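Below is one structure, written out as structure tokens, with a few remarks after it.
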Amino acid sequence: MGKSLKLLNIVLTISICFIATTNTNQPQIRSMCIPTKPKSPNEILEWQNKVRKRLIELLKLPSASEKPSNFKERTTTITRKGKLIIKEGEILSTENRKIKIVLAYPNDVSVKNEKTPAVVCIHGHGGNRWSPFNEDEPAYCLFGKRLAELGFTVISTDIGQHEVYEEGRTLMGERVWDLMRCVDYLSSLPWVNSERIGCAGLSLGGEMAMWLGALDVRIKAVCVSGFLTYMDQMEHNHCMCWKFPGLRETVDFPDIYALIAPRALLCQNGNKEPPDQFPPSLAIKAMEEIKPVYEILGSKTNVELVIHDGGHEIEIESLLAFFKKHLK
């Protein structure tokens, strides 16, 4: 019995040391998560500022001083379609790189006294800047065209690249920066109300709408379709372009969404999403973390999760109603 007890003690000691060593070597996950029991709105705002600053560092975004002094805009085509004007062209994103854009707006903006609200429309994997206007891509429900027909000015660009274009940058950082330059461009248009700019996207586009809304406080309303989830889910059966060094150690997706508060946020997830993609169950769980941030900031009516009967697609009616409510 004595030998058995001694052997048991040795095994327990080795096990405890192994566990302690393993835990010590494990990277810290989500070190800057949403405060669990914030004492005041100011505590949340301070947390948002710290996390936003850290994420900008991790993304390696250019500084304000590196922003081009102009857009060097070049229009390649102009199309009049019904009551819309649709332009295709390019603008400077950085001093060394141009991005292609599609701009659509009502054809009577020059004779109206009122300025239009605007929305950055963002495509997903396999799409391009035309996807929000393309009848052959039904998952997008023509949301760019539909918004323009309602009186919005909309812009889209390509964010589906999987290569870093400039030295010292990151893939996700370049995508976010290109979208920020779209916001810059919208703000420069004389008929656009720069205080009423939103963004929306599906899948990867929803992810990028989340990032844009979280990091650019000029964005007043964000609609994310098919991308309210957790990083653990994204580690399997998904393109890993979402991940970059330092991200998981710092936040999870609900923390990034919480940076949008108190500004308006609509998330959409479909009941027909497969369990290994973006199921509503994970969206509901994530939203339970996000809502308290809106509540403590006194804006609980500004956040909503719509569970619809479709799959990986935009639910167009709630999207249109959302932007009419918050930007019109």
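Spin-label pair Glu90-Lys325: with each label point 7 Å from Cα along the Cα-Cβ axis, the two points sit 4.1 nm from one another. Roughly how many whole Å is it from the C-alpha centroid of segment 142-191 to that of segment 221-238? With segment 142-191 and segment 221-238 each reduced to a Cα centre, they are spaced 20 Å. Remark on Ile122: its backbone amide H falls under 5 Å from those of Ala200, Gly201, Leu202, a criterion applied only to residues 5 or more positions apart or on other chains, H modelled at 1.01 Å from N.
Pairs from the list Lys100/Lys300; Lys60/Lys81; Lys53/Lys98; Lys53/Lys285 with a Cα-Cα gap above 32 Å: Lys100/Lys300; Lys60/Lys81. Taking amide H as placed 1.01 Å from N in the peptide plane, Lys81 has its amide H under 5 Å from the amide H of Ile86, each at least 5 places away in sequence or on another chain. When volume of the Cα convex hull per residue in Å³ is calculated for this entry, the matching label among (i) 149; (ii) 167; (iii) 141 is (ii). Positive-end ranking of Thr301, His162, Gln233 along the dipole of segment 34-327, with charges on Cβ about the Cα centre, is headed by Thr301.
Taking amide H positions as modeled 1.01 Å from N, with prolines and chain starts lacking one, the residues under 5 Å from Thr116 and 5 or more places away or on another chain are Val192, Asn193.
The GluC sites (Glu not before Pro) of segment 179-236 meeting both criteria, a DSSP state outside H, G, I, E and B (loop) and at most 13 other C-beta atoms within 10 angstrom of the site's C-beta, are Glu235.
Since every read-out is calculated from the coordinates, none of them should be taken as a lab result. Everything numeric here is computed off the predicted structure, so don't read it as measured data. All Cβ positions, even for glycine, are placed from backbone atoms using ideal geometry, and neighbour counts span all protein chains on display.
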